[in-house]
1. Assess whether K58 counts as being modelled with pLDDT of 90 or more, within 27 Å of L165 (Cα to Cα) and open to solvent by 70 Å² or more (accessible area, probe 1.4 Å).
2. When the residues of segment 89-133 are narrowed to those that are more than 19 Å from T144 (Cβ to Cβ) and in contact with a Leu (Cβ under 8 Å, 6 or more places away or on another chain), which ends up surrounded by the fewest Cβ atoms within 10 Å (Cβ to Cβ)?
3. Limited to segment 64-85, what total is found for residues that are modelled with pLDDT of 90 or more and open to solvent by 10 Å² or more (accessible area, probe 1.4 Å)?
4. Being part of a helix (DSSP H, G or I), over 30 Å from G134 (Cβ atoms) and at pLDDT below 95: is that true of G20 here?
5. Output the number of residues of segment 93-114 satisfying the condition of being over 15 Å from I180 (Cβ atoms), out of contact with any Phe, Trp or Tyr (no Cβ under 6 Å at 6 or more places or on another chain) and part of a strand (DSSP E or B).
6. Going through segment 115-152 one residue at a time, which ones are within 16 Å of L52 (Cβ to Cβ), among the hydrophobic types (A, V, I, L, M, F, W, C) and assigned to a strand (DSSP E or B)?
7. Could you identify the single residue in T115, T161 that is in contact (Cβ under 8 Å) with a residue 60 or more places away in the chain and hydroxyl-bearing (S, T, Y)?
8. Considering only segment 28-55, state which residues are open to solvent by less than 30 Å² (accessible area, probe 1.4 Å) and in contact with a Pro (Cβ under 6 Å, 6 or more places away or on another chain).
Amino acid sequence: MRKLILASCILGLTACSATGESTDTEAAEVANQVPSTINLSGMTNEQAADELYQSLLKANYLVTKVGPNRVAIQIGDQQFVLQASMNEKGVDRILANRFFAVHPQLHGSKELLVTIGQLNQKLNFAKFFIRKNGSIIQVQSSATFVQQIELEELRRFMIWTDEGLRQVGKSFPEQAAELIKPVPVMQHPQDI
């Protein structure tokens, strides 16, 4: 009888030990799962950027933090800077920015100012800004969501923005491509 009681105690301890290990393993697997949705409810801009960065990293995107509330990401051949813009009332945005270097001969030119103004009047997929005394053009689009956003939705949004910029580029003379070039933000985060 003693042997039976001893054997059942050992089996009980073994079962408890195995259950504890599997729970720890399961918790680790859940923590390492690739997220499909990012829940950003109740976060500050900085917290949302950290969550965005971690989620994109887990989903195998090439990402880099380039500021307290900004994340650079590579999508295809293009690089974007994503910026969280959280609102206490629940309608939040992720701003997708692209940056373009302007040839020195166009810095501060009236033609550049007029062109940027016309783009802002005619287009609704993004806003165009001139930065650093005319040496940088910033293009900003935004994805609006409530509390959470799907990674696939965010990816498609960036592709849509890129396609809009491609169409804008086709409307300019070919020489414009030599005067305005994308800035590789993942290599030069301090310049943006």
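1. Numbers: modelled with pLDDT of 90 or more: yes; within 27 Å of L165 (Cα to Cα): no; open to solvent by 70 Å² or more (accessible area, probe 1.4 Å): yes.
In short, no.
2. Taking the candidates together, the pick is Q105.
3. Summing the residues that are modelled with pLDDT of 90 or more and open to solvent by 10 Å² or more (accessible area, probe 1.4 Å) in segment 64-85 gives 13.
4. Details: part of a helix (DSSP H, G or I): yes; over 30 Å from G134 (Cβ atoms): yes; at pLDDT below 95: yes.
For G20, the condition - part of a helix (DSSP H, G or I), over 30 Å from G134 (Cβ atoms) and at pLDDT below 95 - is met.
5. Step one: of segment 93-114, the residues over 15 Å from I180 (Cβ atoms) are 93-97, 110.
Then drop every residue that is not out of contact with any Phe, Trp or Tyr (no Cβ under 6 Å at 6 or more places or on another chain), which leaves 93-95, 97, 110.
Those left that are additionally part of a strand (DSSP E or B): 93-95, 97.
Summing the residues that are over 15 Å from I180 (Cβ atoms), out of contact with any Phe, Trp or Tyr (no Cβ under 6 Å at 6 or more places or on another chain) and part of a strand (DSSP E or B) in segment 93-114 gives 4.
6. Result: A143, F145, I149.
7. Numbers: T115 fails: in contact (Cβ under 8 Å) with a residue 60 or more places away in the chain.
Step by step, each of T115, T161 is checked, and only T161 is in contact (Cβ under 8 Å) with a residue 60 or more places away in the chain and hydroxyl-bearing (S, T, Y).
8. Correct list: S55 only.
The values are calculated or read from the model by the stated rules, or taken from the named source; none is laboratory data. Just so we're clear, the structure is a prediction, and the values are computed from it rather than from any experiment. As a convention, Cβ positions derive from the backbone with ideal geometry for all residues, glycine included, and neighbour counts pool all protein chains shown. Accessible surface areas use protein heavy atoms only, side chains included; no ligands, DNA or RNA. Shrake-Rupley method; radii C 1.70, N 1.55, O 1.52, S 1.80 Å.
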